[in-house]
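In what follows, a single structure is set out as structure tokens and then discussed.
The values are calculated or read from the model by the stated rules, or taken from the named source; none is laboratory data. Since the structure is predicted, the reported quantities are computational estimates derived from the model, not experimental observations. Note: ideal-geometry Cβ built from the backbone for every residue, glycine included; neighbour counts use all protein chains shown.
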Amino acid sequence: MARTEATLPGGARLADYLAVGYLALNCSLGEVKEALVKCGVHTRLRRDMPREVLVYFVMAMCLYPRVAYEEVFRLVIEGLRRIYGDQVRDAQVSKAAISQGRARLGWQVMRELFARQAAQRPRTAGDDYAGYRVMSVDGSTLDVPDEKVNAEAFGYAQGGRGEAAYPQIRFVALAECATHALCEVQMGGVCDDSEQALTRQLFPAFSDDMLVLADRLFYGYDMWRDAVATGAKLLWRVKSNLRLPCEVPLADGSYL
């Protein structure tokens with residue numbers, strides 16, 4: 001989890017600026033500012049750290065997980081100014097200032113931008129099967145920094161050798177099978193939130209034009225009933241010890 005590189009090895013390359021440009025191309029400065037205003041965390045005073053830059057900084061941290069905050073922030077500023085010019089204000093900041101800025105930014109604006117990005121993806125004919133948009137539900141875990149606030153919020157996974165080294169987030173996602181695009185995600189703690197409980201929080205994103213696949217972990221009568229009620233078509237695996245007697249044989253060898 002530590003960031004060990006004070007600067008980018010070899011300095012910033014054209015590819016680094018293009019990476020920032022790609023983020024801005026897919027999530028425009030205008031969209032970012034709208035989301036900041038909607039969430040009530042937009043920059044109010046010119047002397048404040050520009051919040052729109054902080055948003056792109058959070059994205060860029062995923063591309064440069066081992067590089068110091070100050071260096072990533074500088075790269076984002078320079079990359080955005082190459083595209084937007086003086087629309088993006090220059091800023092020289094410290095690691096402490098970045099941390100304070102991120103705390104003021106909060107998580108809601110990133111959630112808002114994710115929802116906008118997921119909603120904007122157009123469907124193409126190759127994505128469908130029999131007229132349905134093929135989706136999949138699956139879950140996993142992610143390590144987060146070993147800090148007190150993360151430990152209290154998410155907890156540590158327990159295993160045969162004791163407690164995990166890092167706190168973990170558990171998440172479940174609804175993804176489009178053709179593109180692997182995540183269309184909705186719900187997150188919780190590894191100790192208190194099961195994949196089944198998080199999956200229920202995905203149901204509002206189901207629609208009657210979807211064919212939703214899921215592994216055997218998710219099957220259960222109540223879960224199935226509530227998922228069917230969304231209008232989505234379901235194709236879920238079940239556990240091998242579940243008894244499913246043949247009621248009506250079908251011509252293709254399957255049965256109800």
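If I filter segment 81-109 down to residues being charged (D, E, K, R) and under 22 Å from residue 28 (Cα atoms), which single residue comes out as surrounded by the fewest Cβ atoms within 10 Å (Cβ to Cβ)? Ranking the qualifying residues of segment 81-109, first place goes to 86.
In segment 62-80, of all residues being part of a helix (DSSP H, G or I) and under 20 Å from the mean Cα position of the chain (by Cα), the one that is surrounded by the most Cβ atoms within 10 Å (Cβ to Cβ) corresponds to 63. Scanning segment 124-145 for any residue that is in a helix (DSSP H, G or I), more than 24 Å from residue 209 (Cα to Cα) and not charged (D, E, K, R) turns up nothing.
Confirm whether residue 184 is out of contact with any helix residue (DSSP H, G or I) (no Cβ under 9 Å at 6 or more places or on another chain) and either more than 30 Å from residue 242 (Cβ to Cβ) or buried (at least 18 other Cβ atoms within 10 Å of the Cβ) (or both). Judged against the criteria, residue 184 is not a match.
Out of segment 41-61, which residues are modelled with pLDDT of 90 or more and either exposed (fewer than 15 other Cβ atoms within 10 Å of the Cβ) or not in a loop (DSSP other than H, G, I, E, B) (or both)? Hits for segment 41-61 are 51, 52, 53, 54, 55, 56, 57, 58, 59, 60, 61. Just give me the residues in segment 148-159 being touching a residue at least 12 places away in the same chain (Cβ under 8 Å) and not in a strand (DSSP E or B), in sequence order. Answer for segment 148-159, where residues must be touching a residue at least 12 places away in the same chain (Cβ under 8 Å) and not in a strand (DSSP E or B): 150, 151, 153, 154, 155.
Is one or more of the residues making up segment 239-253 surrounded by 11 or more Cβ atoms within 10 Å (Cβ to Cβ) and modelled with pLDDT under 95? So far as segment 239-253 goes, no, none of its residues is surrounded by 11 or more Cβ atoms within 10 Å (Cβ to Cβ) and modelled with pLDDT under 95.
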